[in-house]
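To keep things clear, I will list the structure first and then write my remarks on it.
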Amino acid sequence: MTAQKLDGTATAAAIKDELRARVAALVEKGTTPGIATVLVGADPASQLYVGMKHKQSEAIGMNSIQRELPADATQEQVEALIDELNADPTCHGYIVQLPLPKHLDTDAILERIDPAKDADGLHPVNLGRLVLNVNAPITTPLPCTPRGVIELLQRNGYDLAGKHVVVVGRGVTIGRSIGLLLTRRDINATVTLTHTGTVDLPRYIREADVVVAAAGVKHLVRAEDVKPGAAVLDVGVTREADPETGKSRVFGDVDPAVAEVAGYLSPNPGGVGPMTVALLMMNVVEAAERAAS
Ligand SMILES: Nc1nc(=O)c2c([nH]1)NC[C@@H]1CN(c3ccc(C(=O)N[C@@H](CCC(=O)O)C(=O)O)cc3)C=[N+]21
C-alpha cells in the first residue's frame, strides 16, 4: 500500500483525550455532561452501535442514559420519550438511533428533538442555521459525520484550502450536509456533489483532490479513476457475506486497489466510523458547555 492511512481509530482516541479533559472541567463546575440514546426495537446492528456510544461516553466521564422502546412502539410513545429527554436537565444531547421501524414517522420524531440537544447535528433548525451562517463562529451542534471527515483530514496534516472535494452520494448524513462545512471561509474547499443521477461519475472522480465516498455502493470508487496522490475517504457501508469466510462483514465504497494510487486513504472500518462517535460526543460536551455558561 502506498497511501498514507488516515487512521480514524487513533484520531478519534486523540479527540476523546481532549474531551475527557473538557468533561472533567465541567464536572469540576458541577455539570456532568449527559448523552442519551433512543433505540426502538432490537436490531442487532443498532444495539451494537448504541452500546459502543455508551461505552465510549462513559470512558471519558460522561453520564450516559440508555432508553429503549419495543419495536411496536407507537408514534405517541416515541414522541413522549422525546419530550421527556427535551425536559431532562441531566441530558445535554441525544440521538434517536436510525433507522426507525417503518410504521413510525421518522421526520416528525427527529424534528421534535430540541435543536440544542441534537447530538447528530442534523435537526432542520441546525442545518438551516448552517446554510445561513457562512462565516460567523458556529454555536449550534454540527453534523457529526461530516465534521468527522474534516477533522480526520485536518488532524493528519491535510490542508483543505483550495482543494477540490468530490462527494459521492446525496444522503443527508454526509452528502447533502458536508458541503455546508467544506465551503465555509475557514476551510475554503471547492465541492462537487455527485449522486446516482450523475452521468459519467469517473469523470468527476478523476478531477478530485479529495474523494468522499458515501453512496453505499460496494467498491464504487475504482483505482483507475483516482488521481495519483488524492485523498480518499471511504464512508460507505454495505453489509454482505465475505466470499472467502461466508461471514457477514462491512464492505466500503472504495475498491481496496485504490490504496496503490491514493496519497491518503481512510479505510472502512477503522476510518470515519470511530470519528463519527467521537464527534457525536463532542457535540454533547459542547452543548453541556453552553448550558453551563
Ligand atoms: N441517529 C443516528 N446517528 C448515527 O450516527 C447513526 C445512526 N443513527 N444509525 C446508524 C449509523 C451507523 N453509525 C456508525 C457509527 C460508528 C461506527 C463505527 O465506529 N464503526 C467501526 C467498526 C465497529 C464494528 O462494526 O465493530 C469502524 O468503522 O471502525 C459505525 C457506524 C452511526 N449511525
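The values are calculated or read from the model by the stated rules, or taken from the named source; none is laboratory data. Predicted model only: the values in this text are computed from it and were never measured. Here Cβ is always computed from backbone atoms with ideal geometry, including for glycine, and neighbour counts include all displayed protein chains. All accessible areas refer to the heavy atoms of the entire protein, side chains included, with ligands and DNA or RNA removed. Shrake-Rupley method; radii C 1.70, N 1.55, O 1.52, S 1.80 Å.
Provide the packing ranking of 58-66, 210-218, i.e. peptides ordered by the mean count of other C-beta atoms within 10 Å per residue, highest first.
210-218, 58-66
Each label point is 7 Å from the Cα along the Cα-to-Cβ direction; what then is the distance between the points at T139 and A24, in nm?
Between T139 and A24, the simple spin-label model gives 2.9 nm.
May I ask you to list the lysines whose Cα is less than 26 Å away from that of K117, ignoring any residue fewer than eight positions away on the same chain?
K16, K29, K53, K55, K102
What's the angle, to the nearest 10 degrees (0 to 90), between helix 44-59's Cα axis and the longest principal axis of the chain?
70
Measure nothing but the geometry: give the 0 to 90° angle between the long axis through the Cα atoms of 8-28 and the longest principal axis through the Cα atoms of the chain, rounded to 10°.
In the chain, helix 8-28 runs at an angle near 20 degrees to the longest axis.
Rounded to the nearest Å, what's the spacing between the alpha carbon centres of the range 262-293 and the range 114-175? Just the number, please.
11
Report relative contact order for the range 84-193 in percent, whole number only (criteria: Cα-Cα under 8 Å, sequence separation at least 6).
21
Any idea what angle helix 75-87 forms with the longest principal axis of the chain, computed on alpha-carbon atoms, 0 to 90 degrees, nearest 10?
The two axes meet at around 80 degrees.
H103 to V217: extension gain in nm, 0.36 nm per residue of separation minus the Cα-Cα distance?
Contour length minus the Cα-Cα distance gives 38.4 nm.
Could you run the Karplus curve 6.51 cos²θ - 1.76 cosθ + 1.60 with θ = phi - 60° over the range 107-118 and give me ³J(HN,Hα) per residue in whole Hz, x for Gly and Pro?
4, 5, 5, 5, 6, 7, 4, 4, x, 6, 10, 7
If each residue of separation counts as 0.36 nm, what is the full-extension length gain between A292 and A71 once their alpha-carbon separation is subtracted?
76.0 nm
Rounded to the nearest 10 Å², what accessible area does R170 have for a 1.4 Å probe in the complete protein model?
Counting only protein heavy atoms, the figure is 110 Å².
Tell me the label-point distance for the pair A42, T192, using the 7 Å Cα-to-Cβ offset, in nm and rounded to one decimal.
Here the modelled spin labels are 4.8 nm apart.
Taking only the Cα atoms of the range 144-273, how large is their convex hull per residue, in Å³?
Cα-based convex hull of the range 144-273, divided per residue, equals 105 Å³.
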